[in-house]
Amino acid sequence: MSRYANVIVDLSADALDRVFSYAVPEGMQIVPGQQVSVPFGPRRVEGFVVSLSGECDLPPEKVRPIAAVAQEYPVVLPELMALAEWMHGRYLCNLVDALRLMIPAEMRGGRVHVRTKRYARLRWSAEQVAAFERENSRARRQIELLHSLEKGDLETAALNASALKALREKGAAEVYECEMRRRPSPELGTQRAGDFELMPGQRRAVEAICAAMDAGGERFLLNGVTGSGKTEVYIRCIRHALETGRGAIVLVPEISLTPQMVAWFRARFGDGAAVLHSGLSAGERFDEWRRIRFGEARVVVGARSAIFAPMEDIGVVIVDEEHENTYQSESRPRYDAREVAWRRAETNGAALVLGSATPSISSFMRAMPGVRPENRLELLEMPERVKGRPLPEVELVDMRGEFERGNHSVFSARLAQALRECLSAGEQAMLFINRRGHSTFVSCRKCGYVVKCPQCDVSMTYHQAENLLRCHYCGNTMAPPRSCPQCGSGYIKYFGAGTQKVAEEARRYFPEARVVRMDVDTTREKNAHERILNRFRSGEANVLIGTQMIAKGLDFPNVTLVGVVAADSTLNLPDYRSVERTFQLITQVAGRAGRAEKSGRVIVQTYEPDHYGIQLAAKQDYRSFYRRESAFRKSALYPPFTQIMRVVYSGKEEAAVRGAAEADEERMNAWLDAQGMRRDVVQLRALEAPIALLRGEHRWQLFLKMYFKGDLNAACARMQALAGAAPAGVRAELEVNPVNLF
Ligand code: ADP
Ligand code: ZN
Ligand code: ZN
């Protein structure tokens, strides 16, 4: 008989990161995973029951009782409770921070509002209705209502109240309450789409994955070129899971979670599919969560955090575009959804499928021979597009030559020519530029002064619509200077191109262009994203200009030209992954062309046409790229051949920030020596962060690079402890394998 419950209180403080014991009052039903309300000091707080026990270390009179049960059912499944504990160890987060990821915000703080509606239902038989009608022919309203109810239950709000009351008194009708679920985008159809005949590559992949599902799970890397039909593979695997009574989770990058994609899944799985993404209202999210929790939806499609969906008995976990950064959380807990997916697949005996045309170097390495079985990914390849469609031809244009020939526009002669041809043939074009705004920096021709954000060590971007300079890191704005703040000259010039400038020049030079622009600035409003894509899909617009937002997932049959305006804009960032990112972006963007009957053409403009990242992306040759890039990583001792982590220090006082980083470097050095771990370390260094000033705070970092054999977890724990003990006025945060090294 368990009379005590171990509870994690829903308060985020390191000191509270442990279980507290409470007594279970007589007659209260408690199970692990349940959400309860407990007295905590003078207040009442919510908490999660982690486990139950028959005894307690505290004297009985010191143990306070659970005040109330928040939900009768356990809100955290046992599997997810164990997962939270694993995350606690793996990501060094508080247990409650992990648990919070597993329930919708709506359920915390006693804010749950289940919306109900009242319905009327007929209790009489047809004969009784007919008899009533004969005998009470003047009770017209009641007769009408009886006839309406014969067709089906009706919401009471819409009915004649006195007629309904009369019928209820006679026992002819009754009223019941029904929980109402807020369904996101209910207007989207649920018609079932027809099936394709699978291509041989697709069939092989589906067979391997389904067999693994039945055999208790295995992990796959599905490397299929753009347009090879990966989505159809996912669909078939999900269907197999459903047929064998199991569920499926599909993760996609937030950007790809367009209504188009959602409609697509709905078309295949109807109401059996739940969708989780950031565009949902809290209420919608809560409803979708419950549909999953109670088994009404057995397929979940969602962005990163959907990996915590309360799904039981999962058959397959799919991570589409697995190379995307968005799978790594950049706030606490800093989890990697791919790792969590791996873990959930393992505990559920499910198949894990990581899919991409351009897998991350680290995932592909796991699919190479010689990897230990517990780390291994089984490689499935689909090197061809469906129906034998060719991959688009990619042409590189050397922009240095353009400038010499006096062409100062963002369009090379080649791209301009191709765009003209495309538009006059009535076809559509997509132009990709990885920067938003108009000009990416503003500088003085005379002395070289560059306008920077006073709060951040970053140059300001010119935004034409508002005629303002804007900092893309902190949002700070200022009026563009008329003369140079440094030398006073009037030679202020605008350099570099962003989406606004490309759109402006497209309108100026191509009269037949009907341009839509898609970037962070044009998609702030709800549904803006879809409105823009609809204008393009309908043909109302024939040129779509955008940032990463247009790089992935989009499938427009009439697009025959894709232009990459500045391929090298991501090439020289201070990050060892900049070449990988560039390769991925170009390949993905190029993949948007020629996806239907018409063949596609891709023009990539670059100032570094000889760079292997650009060359191999143009050939869409992932294998060769992998070989080059992994050789480089190995020789330069970068991940995945080493592991990196850093503590980022920030604060108003530069000396204090720097001092904290340098003091911790010494402490860390001493610790490494004491542990005998020195030989596992490639590099340990306190240095200024690449962006040394951000939002008015100075930034330093303690950077640690270790060999793989080293005990990363121990080093992490030590770095975390140092970060936790940062001096007053300095914030310190640990990042393991950070997404961005700024
Ligand atoms: P990927 O995600 O690999 O880039 P998609 O899954 O978007 O490719 O598929 C590309 C296009 O091919 C889509 O329009 C899809 O509907 C279509 N498609 C997929 N499989 C088949 C098939 N077996 N036969 C015909 N068309 C297919
Ligand atoms: Zn100047
Ligand atoms: Zn700024």
Exercise. For segment 644-686, enumerate the residues that are assigned to a strand (DSSP E or B) and farther than 16 Å from GLU733 by Cβ.
Key: VAL681, VAL682, GLN683, LEU684, ARG685
Quiz item: GLU427: farther than 26 Å from ASN740 by Cβ and either within 16 Å of ligand 1 (Cβ to nearest atom) or at pLDDT below 90 (or both), yes or no?
Solution: no
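Considering each of ARG628, ARG581, ARG623 in turn, give the residue that is of a type outside the set (Phe, Trp, Tyr), over 18 Å from CYS716 (Cβ atoms) and touching a residue at least 12 places away in the same chain (Cβ under 8 Å). Lay out the reasoning, then the answer.
Numbers: ARG581 fails: touching a residue at least 12 places away in the same chain (Cβ under 8 Å); ARG623 fails: touching a residue at least 12 places away in the same chain (Cβ under 8 Å).
After ruling out the rest, the residue left standing is ARG628.
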Practice problem: Could you list all residues from segment 671-706 that are away from ligand 3 (no atom under 16 Å from the Cβ), out of contact with any strand residue (DSSP E or B) (no Cβ under 9 Å at 6 or more places or on another chain) and not charged (D, E, K, R)? | Solution: TRP671, ALA674, GLN675, GLY676
Quiz item: Within the bounds of segment 403-418, is there any residue that is more than 16 Å from ligand 2 (Cβ to nearest atom), of a type in the set (S, T, N, Q) and assigned to a helix (DSSP H, G or I)?
Solution: yes
Exercise. Report yes if some residue within segment 709-717 is part of a loop (DSSP other than H, G, I, E, B) and of a type in the set (Asp, Glu); otherwise report no.
Key: yes
Practice problem: Considering each residue of segment 443-454, count those that are within 14 Å of ligand 2 (Cβ to nearest atom), of a type in the set (A, V, I, L, M, F, W, C) and surrounded by 15 or more Cβ atoms within 10 Å (Cβ to Cβ), and give that number. | Solution: 2
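Please count how many residues of segment 142-162 are surrounded by 14 or more Cβ atoms within 10 Å (Cβ to Cβ) and without any contact (Cβ under 8 Å) to a residue 24 or more places away in the chain. Full working, then the answer.
Keep residues of segment 142-162 that are surrounded by 14 or more Cβ atoms within 10 Å (Cβ to Cβ), which gives 142-143, 145-146, 148-149, 153-154, 156, 159-160.
Restricting the remaining residues to those that are without any contact (Cβ under 8 Å) to a residue 24 or more places away in the chain gives 143, 148, 160.
Total satisfying the criteria: 3.
Can you give me the number of residues within segment 402-415 that are buried (at least 20 other Cβ atoms within 10 Å of the Cβ) and more than 34 Å from the chain's Cα centre (by Cα)?
Going residue by residue through segment 402-415, those that are buried (at least 20 other Cβ atoms within 10 Å of the Cβ) are 402, 410-412, 415.
Then keep just the ones that are more than 34 Å from the chain's Cα centre (by Cα); that gives 402, 412.
So the count comes out to 2.
Among LEU693, LEU702, LEU741, which is under 27 Å from the mean Cα position of the chain (by Cα) and touching a residue at least 12 places away in the same chain (Cβ under 8 Å)?
Matching residue, one of LEU693, LEU702, LEU741: LEU741.
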Exercise. Starting from residues that are closer than 12 Å to TYR494 by Cα and in a loop (DSSP other than H, G, I, E, B), keep the ones in segment 450-465 and report whichever is modelled with the lowest pLDDT.
Key: GLN464
Exercise. State all residues of segment 588-613 that are under 16 Å from THR570 (Cβ atoms) and surrounded by fewer than 23 Cβ atoms within 10 Å (Cβ to Cβ); if no residue qualifies, say none.
Key: TYR607, GLU608, PRO609, HIS611, TYR612
Exercise. Filter segment 307-326 down to the residues that are outside any loop (DSSP other than H, G, I, E, B) and either within 16 Å of ligand 2 (Cβ to nearest atom) or modelled with pLDDT under 95 (or both), then identify the one that is surrounded by the most Cβ atoms within 10 Å (Cβ to Cβ).
Key: THR326
Quiz item: Would you pick out the residues in segment 466-520 that are in a loop (DSSP other than H, G, I, E, B), surrounded by fewer than 17 Cβ atoms within 10 Å (Cβ to Cβ) and either within 16 Å of ligand 2 (Cβ to nearest atom) or of a type in the set (S, T, N, Q) (or both)?
Solution: ASN467, PRO480, PRO481, ARG482, SER483, PRO485, GLN486, CYS487, GLY488, SER489, GLY490, TYR491
Exercise. Please give the helices (runs of 4 or more DSSP H) falling wholly within segment 531-643 in which 2 or more residues are farther than 29 Å from GLU402 by Cα and modelled with pLDDT of 95 or more.
Key: 622-635
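Got a number for residues in segment 419-431 being part of a loop (DSSP other than H, G, I, E, B) and aliphatic (A, V, I, L, M)? So that I can check it myself, show each step before the final result.
Start the filter on segment 419-431 by keeping residues that are part of a loop (DSSP other than H, G, I, E, B), which leaves 425-427.
Narrowing further to those that are aliphatic (A, V, I, L, M): 425.
Residues flagged as part of a loop (DSSP other than H, G, I, E, B) and aliphatic (A, V, I, L, M) within segment 419-431 amount to 1.
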Quiz prompt | Within segment 455-465, considering residues that are near ligand 3 (Cβ under 10 Å from one of its atoms) and touching a residue at least 24 places away in the same chain (Cβ under 8 Å), the one surrounded by the most Cβ atoms within 10 Å (Cβ to Cβ) | solution = CYS456
Quiz prompt | Number of positions in segment 20-51 that are closer than 21 Å to MET102 by Cβ, among the aliphatic types (A, V, I, L, M) and crowded, with 17+ Cβ neighbours inside 10 Å | solution = 6
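The values are calculated or read from the model by the stated rules, or taken from the named source; none is laboratory data. All values reported here derive from a predicted model rather than from experimental measurement. No Cβ is skipped: glycine too gets one built from the backbone with ideal geometry, and neighbour counts run over all protein chains shown.
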